[in-house]
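The values are calculated or read from the model by the stated rules, or taken from the named source; none is laboratory data. Predicted model only: the values in this text are computed from it and were never measured. Please note: Cβ atoms are built from the backbone with ideal geometry, for glycine as well, and neighbour counts cover all protein chains shown. These area figures cover heavy atoms from the full protein model, side chains too; ligands, DNA and RNA do not enter into them. Shrake-Rupley method; radii C 1.70, N 1.55, O 1.52, S 1.80 Å.
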Amino acid sequence: MRINEDTLLEGEKVVLVPYNADHVPRYHQWMCSPELQKLTASEPLTLEQEYDMQRSWREDDDKCTFIILDKQKWADPSIPEQECMVGDVNIFLTDPSDPSLAELEIMIAVPCYRGQGLGKEVTRMMMCYGVHKLGIQKFEVKIGLDNKISIAMFKKFHFRELSISEVFQEVTLGVTVNEALQKHVFGNMDFMLQREYGKARDSRQAPFTPLSL
């Protein structure tokens with residue numbers, strides 16, 4: 001989607017930035033992993049195909065994608081942004097007749113970042129963005145039946161089981177946004193800041209000038 005091409009979302013542990021061409025080599029490296037291919041139900045792509053995919057995700061009106069960065073690393077301008085990447089999060093508008101329905105997909109690609117609460121924080125941030133910027137009112141997620149940790153996490157966000165596919169060995173969970181959910185999940189929304197990505201990136205890359213006394 002073009003709507004988030006200059007949007008940066010900042011949380012406590014993560015920073016979400018739009019998926020751009022600079023991120024593709026690192027992302028492609030992740031997706032060469034058979035484990036991640038299985039977890040995301042993805043087929044291996046060539047690097048050139050990955051660049052094509054990135055361009056389509058930027059242009060398509062039914063996909064909204066952010067790259068997840070380690071906020072602590074990103075705060076250090078000496079560390080390239082690509083080295084701060086830990087995963088991605090997507091919103092897919094799956095029903096052309098109902099733009100208020102979206103599928104949410106989160107991937108923490110770097111193993112050492114799993115189990116640290118990043119998935120929970122990213123879910124909260126992306127749901128908030130989806131509701132307030134994209135008009136989403138119903139979220140669904142598809143999770144492997146053996147991924148008990150993710151299933152339990154989404155249930156904390158009031159997702160409920162909608163269906164089980166024995167063929168694909170996955171469960172579909174869903175939630176409808178209402179006032180009670182917004183109060184429970186978003187509160188006063190002080191957990192997230194929105195900034196202009198371009199300005200934040202440029203200031204991060206600006207050369208450091210020592211203060212003259």
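A simple charge model with +1 on the Cβ of Lys and Arg, -1 on the Cβ of Asp and Glu and nothing else charged puts the dipole of the stretch 1-154 at about 560 debye relative to its Cα centre.
I need the shape label for the stretch 111-169. Rule: rounded when a/c is under 1.5, else prolate if a/b > b/c, else oblate, with a, b, c from the alpha carbon gyration tensor. Oblate, since a/c reaches 1.5 and b/c is not below a/b. Label separation (Gln137 vs Asp76): 4.7 nm, computed from points 7 Å beyond Cα along the C-beta direction. Averaged over its residues, the stretch 94-213 has an accessible area of 61 Å² per residue, based on protein heavy atoms and a 1.4 Å probe.
Checking (i) 108; (ii) 200; (iii) 137 against the coordinates, the calculated volume of the Cα convex hull per residue in Å³ falls under label (iii).
Phi-derived couplings, Karplus 6.51 cos²θ - 1.76 cosθ + 1.60 at θ = phi - 60°, listed residue by residue for the stretch 24-30: 4, x, 5, 4, 4, 4, 4 Hz, with x used for Gly and Pro.
Show which aspartates and glutamates lie in cross-link reach of Lys73 when reach means a straight Cα distance below 20 angstrom and same-chain residues fewer than eight apart are skipped. Excluding near neighbours in sequence, the set is Glu10, Glu12, Asp22, Glu81, Glu83, Asp88, Glu121, Glu196, Asp202. As a fraction of the 1.4 Å probe accessible area of the chain, surface on carbon and sulfur atoms comes out at 53 percent. Of all the stretches in the chain, which is the longest one without any exposed loop site, taking chymotrypsin sites (Phe, Trp or Tyr not before Pro) in a DSSP loop (any state but H, G, I, E, B) with at most 16 other Cβ atoms within 10 Å? Result, exposed sites excluded: 1-167.
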